[in-house]
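Read-outs: derived from the displayed coordinates by stated rules, not from any lab. Note that the coordinates shown come from a computational prediction; the quantities given were computed from them, not determined experimentally. Please note: Cβ atoms are built from the backbone with ideal geometry, for glycine as well, and neighbour counts cover all protein chains shown.
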Amino acid sequence: MKKKEEVYILGIESSCDETSASVCVDGKIISNIIATQSIHAEYGGVVPELASRAHMQNIVPVVDKAIKDAGIALTDIDAIGFTQAPGLIGALLVGAGFAKSMAMSLNIPLIAVHHMQAHVISNLIEDPKPTFPFLCLTVSGGHTQIVLCKDPINMEILGETIDDAAGEAFDKAAKMLGLPYPGGPLVDKYAQQGDPKRFLFPEPQIPDLNFSFSGVKTSILYFLQKNIKEDADFINNNLNDICASVQHCIVQILLKKLKKASLQTGIKNICLAGGVSANKGLRSALVEMGQKQHWKVHIPSMVYCTDNAAMIAITGYYKHLEGMQSPLSVSASARG
Ligand code: KG4
Ligand code: ZN
């Protein structure tokens, strides 16, 4: 039975290829259902139109299961948070349309949530929570950012990628190696058996706290072309070492900038977020750097790193506490 003073938030995420719904009660996640769309694997990347259609099929059963798993009644929900931006527009529209009609029929507030802000806030799902202010390295398929998070609502981007995102670098490297989409987790898997120092890829020289991964991508391409000329089976014979070396290069680029951001701001509470934070090499290298730099490192559990609605529900909760609501006329937006 719901207590009168409790706040129940339903979160809906549909920005890319995961349809997800979650219920949070007073900031605690009590259900989190994620339907991952497997259809894209055969195309080597997310096909926007197929993603929208799969969201259409998934959204009702996913929301229904999230509510049933939470053991609550529809009428218990106080507000609905949904991913409003950024993402694939057709995919976002499915979640936005569903959230709006549900909010309207239940006569409860609608709360637009920014997907990247929610990735940062995913660090507040589990205990012990990081203390504010903290720096968050947000690494996903579409974004790479260093964010200064002052409280659950106020955050500032200190640096971001000027071209490809870290996840894209992983996925494109994997594609060049003939691995299926999404390649990031596979590079991670093979890297565990490989030598990260076997092959060296040049690190980009980008000023400030910004990132660039397009040069790394090109250097991997040239490196593979050159070696395949000499040994047609070069990739097969060296897959583990190539994956470990590519991963090492990407992780070093990320952590060097994070260290710079910490030195510049004096902030030693460090968080990680986004799909790439599921990478084992990144997680362990961050923990190691944290010990050397005397950082308090916080890394969410795997399930809260990749796209999920728990992070949308909890961001919705903090916005609700501040009285932040969105009109039903709010529109989804592909760009942030
Ligand atoms: O945050 P996310 O689930 O979706 C976006 O908002 O983009 O991130 C997806 C990205 C993909 O590029 C995927 O390859 C990458 O995260 N990824 C990984 C790993 N797991 C997911 N990259 C490297 N190692 C992993 N274990
Ligand atoms: Zn994401």
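Annotations
- Cβ-Cβ FRET estimate between residue 162 and residue 324, R0 fixed at 25 Å, reported to 0.05: 0.20
- Kirkwood-Stokes translational diffusion coefficient of segment 1-156, alpha-carbon pairs, 37 °C, 0.692 mPa s, µm²/s: 201
- Evaluated at q = 0.10, 0.14, 0.15, 0.16 Å⁻¹, a Debye calculation over the C-alpha positions of the chain (equal weights, vacuum) places log10 I(q)/I(0) at -0.59, -1.08, -1.21, -1.32.
- Both radii are taken from the alpha-carbon atoms of segment 210-336; with Rh as the Kirkwood radius, Rg/Rh is 1.09.
- Along each principal axis, Cα extent of segment 121-259, largest first, Å: 54, 32, 24
- Cysteine residues of the chain whose C-beta has no other cysteine C-beta under 4.7 angstrom: 16, 24, 149, 243, 249, 305.
- Kirkwood Rh and Cα Rg combined as Rg/Rh, segment 192-233: 1.07
- Convex hull volume per residue for segment 65-142, taking Cα atoms only, in Å³: 132
- The Rg/Rh ratio of segment 271-321, with Rg taken over Cα atoms and Rh as the Kirkwood radius over Cα pairs, comes to 1.08.
- Segment 19-135, relative contact order in percent, only Cα pairs under 8 angstrom and at least six apart counted: 23
- A dipole drawn for the chain from +1 and -1 charges on Cβ atoms has a positive end, and of 212, 179, 62 the residue lying farthest that way is 212.
- Globularity ratio of segment 13-105, using Cα Rg and 2.2 N^0.38 Å: 1.09
- DSSP-defined antiparallel bridges as percent of all bridges, the chain, nearest 5: 60
- The chain: DSSP helices with Cα axial extent of at least 18 Å and average Kyte-Doolittle hydropathy no lower than -1.0: 48-70, 89-106, 214-230, 234-265, 280-293
- P(r) for segment 191-277, from all Cα pairs and a bin width of 10 Å, is 15, 40, 29, 12, 3 %, short bins first.
- Estimated at 0.36 nm per residue, the fully extended path between residue 106 and residue 151 surpasses their Cα-Cα distance by 13.2 nm.
- Three principal axis lengths of segment 98-147 [C-alpha, angstrom, descending]: 39, 28, 15
- Compactness check for segment 141-218: Cα Rg over 2.2 N^0.38 Å is 1.28.
- Relative contact order of the chain, pairs being alpha-carbon contacts under 8 Å that are 6 or more residues apart, as %: 26
- The chain - mean residue ellipticity at 222 nm from DSSP helices (-39,500 (n - 2.57) per run, n ≥ 4, rounded to 500): -14000 deg cm²/dmol
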